[in-house]
1. Here are some conditions: (1) more than 17 Å from residue 3 (Cβ to Cβ); (2) crowded, with 18+ Cβ neighbours inside 10 Å. Residue 47 meets all but one. Which one does it not meet?
2. Scan the range 65-79 and tell me whether some residue there is over 13 Å from residue 13 (Cβ atoms), charged (D, E, K, R) and either in contact with a strand residue (DSSP E or B) (Cβ under 6 Å, 6 or more places away or on another chain) or surrounded by 13 or more Cβ atoms within 10 Å (Cβ to Cβ) (or both).
3. Just to be sure before I move on: is residue 60 among the small types (Gly, Ala, Ser), under 15 Å from residue 89 (Cα atoms), assigned to a loop (DSSP other than H, G, I, E, B) and touching a residue at least 60 places away in the same chain (Cβ under 8 Å) in the structure I sent?
4. On the basis of being surrounded by fewer than 18 Cβ atoms within 10 Å (Cβ to Cβ) and either in contact with a Lys or Arg (Cβ under 7 Å, 6 or more places away or on another chain) or on the phi < 0 side of the Ramachandran plot (or both), does residue 26 make the cut?
5. Being without any contact (Cβ under 8 Å) to a residue 40 or more places away in the chain and under 11 Å from the mean Cα position of the chain (by Cα) is the filter; apply it to the range 30-41 and report the residue that is surrounded by the most Cβ atoms within 10 Å (Cβ to Cβ).
6. Do you know which residues across the range 66-81 are within 15 Å of the chain's Cα centre (by Cα) and of a type in the set (D, E, K, R)?
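None of the figures in this text is laboratory data; all of them are computed from the coordinates on show. In this text the structure is predicted, and so the values were computed from the model without any measurement. Here Cβ is always computed from backbone atoms with ideal geometry, including for glycine, and neighbour counts include all displayed protein chains.
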Amino acid sequence: MDEETHERIRNAVARVPAGKVASYGDIAALAGASNPRFVGRVLKEDGFDLPWHRIVRTDGTVAKPHQLPRLRDEGLEIPGNRIDMNRYRWDPGDYSPAKN
């Protein structure tokens with residue numbers, strides 16, 4: 001992955017607001033990354049300063065169990081271990097990595 005893609009992924013993750021989530025695939029699509037796994041790689045290697053806990057799997061499950069308490073602290077109602085993606089998925093609107 002090139003440095004530009006890396007930075008576009010970071011910028012897209014940084015824009016996910018509190019109380020919302022995005023999937024790895026959502027972020028990859030916004031950043032123009034060819035594979036959602038790149039998002040996971042960026043978060044693992046260089047995501048400590050980002051709201052990494054807001055990035056979840058497409059089915060609403062989390063990669064790390066300690067994401068759930070953080071998301072609940074932001075106001076998400078999560079009765080079990082799966083986030084309601086229809087309710088909490090971030091809609092980036094006219095977000096374009098080229099603009100941000």
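1. The failed condition is (1).
2. Going through the range 65-79, the residues over 13 Å from residue 13 (Cβ atoms) turn out to be 65-79.
Of the ones still in play, those that are also charged (D, E, K, R) are 70, 72-74, 77.
Applying the additional criterion that residues be either in contact with a strand residue (DSSP E or B) (Cβ under 6 Å, 6 or more places away or on another chain) or surrounded by 13 or more Cβ atoms within 10 Å (Cβ to Cβ) (or both) yields 70, 74.
Checking the range 65-79: at least one residue is over 13 Å from residue 13 (Cβ atoms), charged (D, E, K, R) and either in contact with a strand residue (DSSP E or B) (Cβ under 6 Å, 6 or more places away or on another chain) or surrounded by 13 or more Cβ atoms within 10 Å (Cβ to Cβ) (or both).
3. no
4. no
5. Residues of the range 30-41 that are without any contact (Cβ under 8 Å) to a residue 40 or more places away in the chain, as a first pass: 33-40.
Cutting the leftovers down to under 11 Å from the mean Cα position of the chain (by Cα) gives us 36, 39-40.
On the way: 36: 18, 39: 27, 40: 18.
Per the criteria, the residue is 39.
6. The answer is 70, 74.
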